[in-house]
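The structure appears right after this line, and notes come after that.
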Amino acid sequence: MDLSINEGTLVVTGGPGDSPSTAIVIKKTPRGLSAAGAEHMMLRKWFGERGTNWTLTRQDLLQTDGKTYDVYEVELSDGGTRSLYFDVTEWLARLGP
C-alpha cells in the first residue's frame with residue numbers, strides 16, 4: 001500500500017498486522033514523518049479519530065527473531081479490541097547507527 005502525502009510517499013507492505021508473521025511493514029516514510037507518526041496515520045485511516053472511535057490501551061516495542069515491531073492494542077468504540085503489529089526493522093535501519 002502506498003499513501004501519497006505531503007513531502008513524499010508512505011510505503012508499507014505486509015499483511016493485516018494481527019501477528020508478527022503478518023505484520024504491516026513500514027518501508028518508507030515521507031520526510032519529517034516518523035514510523036510512529038505513520039502508524040498513527042494508518043490507525044486514524046482504519047479506525048477513525050483517536051479518542052472518539054478508538055483508544056490506545058497499550059503500546060510496546062517487541063524485538064524478536066532479529067526484527068523490531070511496534071505493537072499497538074486499541075479499544076474500538078464498539079467495545080472490541082485489536083492488536084496490530086508494525087515491523088519497523090527496515091525503517092530503523094535507514095536511520096543509520
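The values are calculated or read from the model by the stated rules, or taken from the named source; none is laboratory data. Computed from a predicted model, the values in this text were never measured in an experiment. Glycine also receives a Cβ, built like all others from the backbone with ideal geometry; neighbour counts cover every protein chain displayed. Ligands, DNA and RNA are excluded from the accessible area calculation, which covers all protein heavy atoms including side chains. Shrake-Rupley method; radii C 1.70, N 1.55, O 1.52, S 1.80 Å.
The requirement of being within 13 Å of P20 (Cβ to Cβ) and in contact (Cβ under 8 Å) with a residue 40 or more places away in the chain is satisfied by L84.
Test L56 against the stated conditions and say whether it is free of Cβ contacts under 8 Å to residues at least 40 places away in the same chain, in a loop (DSSP other than H, G, I, E, B) and hydrophobic (A, V, I, L, M, F, W, C). Working first, answer last.
Values: free of Cβ contacts under 8 Å to residues at least 40 places away in the same chain: yes; in a loop (DSSP other than H, G, I, E, B): no; hydrophobic (A, V, I, L, M, F, W, C): yes.
Considered against the rule, which asks whether it is free of Cβ contacts under 8 Å to residues at least 40 places away in the same chain, in a loop (DSSP other than H, G, I, E, B) and hydrophobic (A, V, I, L, M, F, W, C), L56 comes out as no.
Report, by residue number, each residue of the stretch 16-34 that is in contact with a helix residue (DSSP H, G or I) (Cβ under 8 Å, 6 or more places away or on another chain) and at pLDDT below 90.
Initially, the stretch 16-34 is screened for residues in contact with a helix residue (DSSP H, G or I) (Cβ under 8 Å, 6 or more places away or on another chain), giving 16, 24-29, 33.
Across the stretch 16-34, the qualifying residues are K27, K28, T29, L33.
For the stretch 18-44, a tally of residues being under 15 Å from E75 (Cα atoms), touching a residue at least 24 places away in the same chain (Cβ under 8 Å) and part of a helix (DSSP H, G or I) returns 1. Every listed requirement among (1) surrounded by 10 or more Cβ atoms within 10 Å (Cβ to Cβ); (2) out of contact with any strand residue (DSSP E or B) (no Cβ under 6 Å at 6 or more places or on another chain) is met by G32 save one, (1).
The number of residues in the stretch 38-68 that are within 16 Å of E90 (Cα to Cα) and either touching a helix residue (DSSP H, G or I) at 6+ places or on another chain (Cβ under 6 Å) or of a type outside the set (A, V, I, L, M, F, W, C) (or both) comes to 7. If you filter the stretch 67-97 down to residues that are part of a loop (DSSP other than H, G, I, E, B) and within 16 Å of K27 (Cα to Cα), you find that the one that is most open to solvent (accessible area, probe 1.4 Å) is L95.
For the stretch 34-53, a tally of residues being farther than 18 Å from I24 by Cα and of a type in the set (K, R) returns 1.
When the residues of the stretch 10-29 are filtered to those that are open to solvent by less than 50 Å² (accessible area, probe 1.4 Å) and small (G, A, S), the one that is farthest from D60 (Cα to Cα) is G15.
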